[in-house]
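The structure under discussion appears below in the form of structure tokens.
The values are calculated or read from the model by the stated rules, or taken from the named source; none is laboratory data. Note that the structure is a prediction, hence the values are computed from the model and not measured. Here the Cβ is made from the backbone with ideal geometry for all residues, glycine too, and neighbour counts use every protein chain on show. The protein model used for the area step is the full one, side chains on, heavy atoms only, and it has no ligands, DNA or RNA in it. Shrake-Rupley method; radii C 1.70, N 1.55, O 1.52, S 1.80 Å.
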Amino acid sequence: MYPKKPQGKYYNYRKWLSYAFLAMLFAGPFLKINGLPLLMLNVVERKFVIFGVLFWPQDFFILVVAFLTMALFIILFTVVYGRLFCGWVCPQTIFLEMVFRRIEYAIEGDYTKQKALDKMPWNTEKILKKGSKTVIFLAISFLIANTFLAYIIGVDALQKIVTDNPLNHLVGLGAIVAFTGVFYGVFAWFREQVCTIACPYGRLQGVMLDKKTVVVAYDYGRGEPRGKLRKNQLRTEGDCIDCKQCVQVCPTGIDIRNGAQQLECINCTACIDVCDSIMRMIEKPEGLIRYESEEGIAEGKQWKFFTPRVMGYTAVLVILLTALTTLLLTRDAAEATILRTPGQLYQKTEQGTIKNLYNISVINKTNHQMPLSLKLRGQQGTIKVVGNELVLPAQGIVEGVFFTEIPKAALSGMNSEIEIGVYHGDELITTQETKFLAPAR
């Protein structure tokens, strides 16, 4: 594709919004909350950090609720605003349109000059332009690859890979090279085909949009029948002068006049800007192409935000957000797994008590080290840890073995339920129920 360089009001808005998102993206790995990254999705170690909150596989149910909430939000947003996300904040659009294509325009010129350069035989000018563009594209792809890898393994681990002996981090360096190649291929070659072929969101929009959804639309009632503008001739056609500027500026090469809900349309507003400039030139009102619903174009109805469909999605979204917030607020700082040691029976003591041996594993969901103590809750008896004291490392796991000793008279049967509290000082961190084996009365 050779899209014409866009310019106009909406393009300027998108440009500044893109710069803000790019700044957030590249600064994200370095931002920390309570010593934890703002966002880290470490699939290798099965450790996830979202807004400074550490999640382990044991918190999978919370991540499922969060995913369902996000998915419903995307559906609700699409029902109301169409593919506004694609045109304004999608990383693919931001990187392609606001980084790589702007560099391409700066080096090779606008679309006509790019076409001429590609047809030109290989000479000094073509080698310099194509070579410099390739080097810059690879450098930016390398930067993006490092940034995305920092979101996966953390900026500290990435720093070790970059500064240490490369032979000690062949897997990490291989990942950086692979990511660099993927990003270069996407933004230098595959480009708009990501939106039209690979992205599932664009293909799902047909089942999420309706006649009340706001999209980038051509006002065919005002524009048709289209016809060329001729001097000193009374115009009987519509306002569209068939200049095809909206087609030339489209990054996916579609004609917006063929309908608003086209698979390839990412609602980038480039056609709005160029059409408005043409309307100003021929002294016609702007808005021949604009943000509007299909119903608004066909019937002239005023767009309404709260439709029954939107209110239904909103109600479910509020329920999910409430459930997610409750889960996050009631989430323990640590999670313990306590099980009776396999193959061990109870032990009787001379003092008339019964002892059981347990294994314990505790996961720390914070960035702080915590010395732990164990206590029985609502039950007579004592707990004695075997070996060293339990010290839970930051973001880590501690395992240990302990005896629980309970007077026989305080037990209700052969298989009693007991509750063990895990404490950090006087603070109760988490509790765990388990079975206590004893002889029959």
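A compact table of results
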item	result
Helix runs (DSSP H) in the chain reaching 20 Å along axis by Cα, Kyte-Doolittle at least -0.5	9-27, 60-81, 124-153, 170-185, 308-329
Rg(Cα)/(2.2 N^0.38 Å) for the chain, N = residue count	1.41
Extension reserve of the Ser361-Tyr81 stretch, reckoned as 0.36 nm per residue once the Cα distance is removed	96.0 nm
Gained length - Arg280 relative to Phe190, 0.36 nm times residue gap less alpha-carbon distance	28.9 nm
In nm, spacing of pseudo-spin labels at Thr337 and Lys435 (7 Å Cα→C-beta vector)	1.8 nm
GNM top mover of Glu104, Glu417, Glu350 - the chain, alpha-carbon springs below 10 Å	Glu350
Cα-based shape type of the stretch 66-151, given that a ≥ b ≥ c are square roots of the gyration tensor eigenvalues and the cut on a/c is 1.5	oblate
Assigned charges on the beta-carbon of Lys, Arg, Asp, Glu; the stretch 251-375 dipole about Cα centre (debye)	1020 debye
Reach of Lys211 by Cα under 25 Å, taken over lysines that are not fewer than 8 positions away in the same chain	Lys301, Lys304
FRET E, pair Cys243, Glu299, Förster distance 35 Å, beta-carbon r, rounded to 0.05	0.80
Pairwise Cα inverse-distance average, inverted: Kirkwood Rh of the stretch 218-354 (Å)	20.9 Å
Accessible surface, per residue, of the stretch 308-398 when the full set of protein chains is kept, probe 1.4 Å, Å²	59 Å²
Highest-first arrangement of 162-169, 77-84, where packing means the average Cβ count within 10 Å	77-84, 162-169
Selected from Leu209, Asn267, Val53, residue furthest toward positive end of dipole (the chain; charges at beta carbon)	Asn267
The chain: calculated mean residue ellipticity at 222 nm from DSSP helix runs of at least 4, using -39500 (n - 2.57)	-12500 deg cm²/dmol
Spin-label model distance (nm) - Lys408 vs Leu328, 7 Å beyond Cα toward Cβ	5.3 nm
Set of aspartates and glutamates near Lys284 by C-alpha distance (under 15 Å), chain-local residues within fewer than 8 positions excluded	Asp219, Glu224, Glu237, Asp239, Asp242, Asp273, Asp276
Which listed pairs, of Lys4/Lys244; Lys355/Lys384; Lys9/Lys115; Lys355/Lys435; Lys119/Lys228, have C-alpha distances above 20 Å, in listed order	Lys9/Lys115; Lys119/Lys228
Proximal lysines relative to Lys32, as straight alpha-carbon distance under 17 Å, when same-chain residues fewer than 8 apart are discounted	Lys47, Lys365
Heavy-atom accessible area ranking, 1.4 Å probe, most first, across Val89, Val171	Val171, Val89
The stretch 242-317: mean projected area of Cα convex hull, nm²	6.5 nm²
